[in-house]
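Here the structure comes first, spelled out in structure tokens, and everything after it is commentary.
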Amino acid sequence: MNYTTKTIVVRYVETDQMKFVHHSNYLKYFEMARLEWLASLGVSYASMEKDGILMPVISLKTEFKKPLFFGDEFQITVSLKRPPTATLEFVYHIVNQFGQKVCEGNT
């Protein structure tokens, strides 16, 4: 199942001295997409934690294609790589407001 986030706008605080989004922020974007995906299914991560269900990230791969800059708009499409088992593997595709690939990754 694919889920695409609402449009996100790059904040100034997310940029670095070179004026584009610092690479560490993409991990936050991935997390935002995972949580939005859960919410779209009617699942609250807070309720999962309360029930003792956790989703730690144990592996991460990111490939940057094109930078994002302050004020750019983007969306993230998140999907599961395979049907859920004891683990979940998410795949992410970030595109900017022009539909250009910005970043791909998986956790």
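All of the numbers you see were taken from the coordinates with simple rules; none came from a lab. Everything numeric in this text was worked out from a predicted model, so none of it was measured. Positions of Cβ are generated from backbone atoms using ideal geometry, with glycine treated the same way; all protein chains shown enter the neighbour counts.
The Cα center of region 38-61 and the Cα center of region 65-83 differ in position by 20 Å. For LYS50, the aspartates and glutamates whose Cα comes closer than 19 Å to its Cα, not counting residues fewer than 8 places off in the same chain, are GLU31, GLU36. Relative contact order, percent, of the chain when contacts are C-alpha pairs under 8 Å separated by at least 6 residues? After rounding, I find 33 percent. The HN-Hα couplings worked out from phi for region 16-29 by the Karplus form 6.51 cos²θ - 1.76 cosθ + 1.60 (θ = phi - 60°) are 10, 4, 7, 6, 10, 4, 5, 4, 5, 5, 5, 5, 5, 4 Hz, whole numbers, x standing for Gly and Pro. Here LYS81 is the anchor, and the aspartates and glutamates within straight C-alpha reach of less than 14 Å, apart from those fewer than 8 places off in the same chain, are GLU89, GLU104. Backbone amide hydrogens, once placed in the peptide plane, bring LYS65 within less than 5 Å of CYS103, GLU104, excluding anything fewer than 5 places away on its chain.
Seen from every direction in turn and averaged, the convex hull around the alpha carbons of region 42-85 projects onto 5.5 nm².
Considering only Cα atoms, the convex hull volume of the chain works out to 109 Å³ per residue. Couplings 3J(HN,Hα) of region 76-89, computed from phi: 10, 9, 10, 8, 8, 5, 8, x, x, 10, 6, 10, 10, 10 Hz, in residue order, whole Hz [Karplus 6.51 cos²θ - 1.76 cosθ + 1.60, θ = phi - 60°; x for Gly and Pro]. Sparsely packed loop sites in region 28-107 (the trypsin sites (Lys or Arg not before Pro) outside DSSP H, G, I, E and B with at most 13 other Cβ atoms within 10 Å) comprise LYS65, LYS81. Couplings 3J(HN,Hα) for region 92-107, derived from phi with the Karplus relation 6.51 cos²θ - 1.76 cosθ + 1.60 (θ = phi - 60°), are 10, 10, 10, 10, 8, 5, 9, x, 7, 5, 9, 7, 10, x, 8, 9 Hz, where x marks Gly and Pro. Distances between placed amide hydrogens fall under 5 Å for GLU89 paired with LYS81, ARG82, all partners being 5 or more residues away or on another chain.
Cross-link partners for LYS28 among the lysines, with Cα-Cα distance under 17 Å and sequence neighbours closer than 8 places in the same chain left out: LYS6, LYS61.
In this structure the amide hydrogen of ASP72, modeled in the peptide plane, comes within under 5 Å of the amide hydrogens of VAL10, none closer than 5 places in sequence on its chain.
Dividing the summed helix terms, -39500 (n - 2.57) for each DSSP H run of n ≥ 4, by the number of residues in the chain produces a 222 nm estimate of -6500 deg cm²/dmol to the nearest 500.
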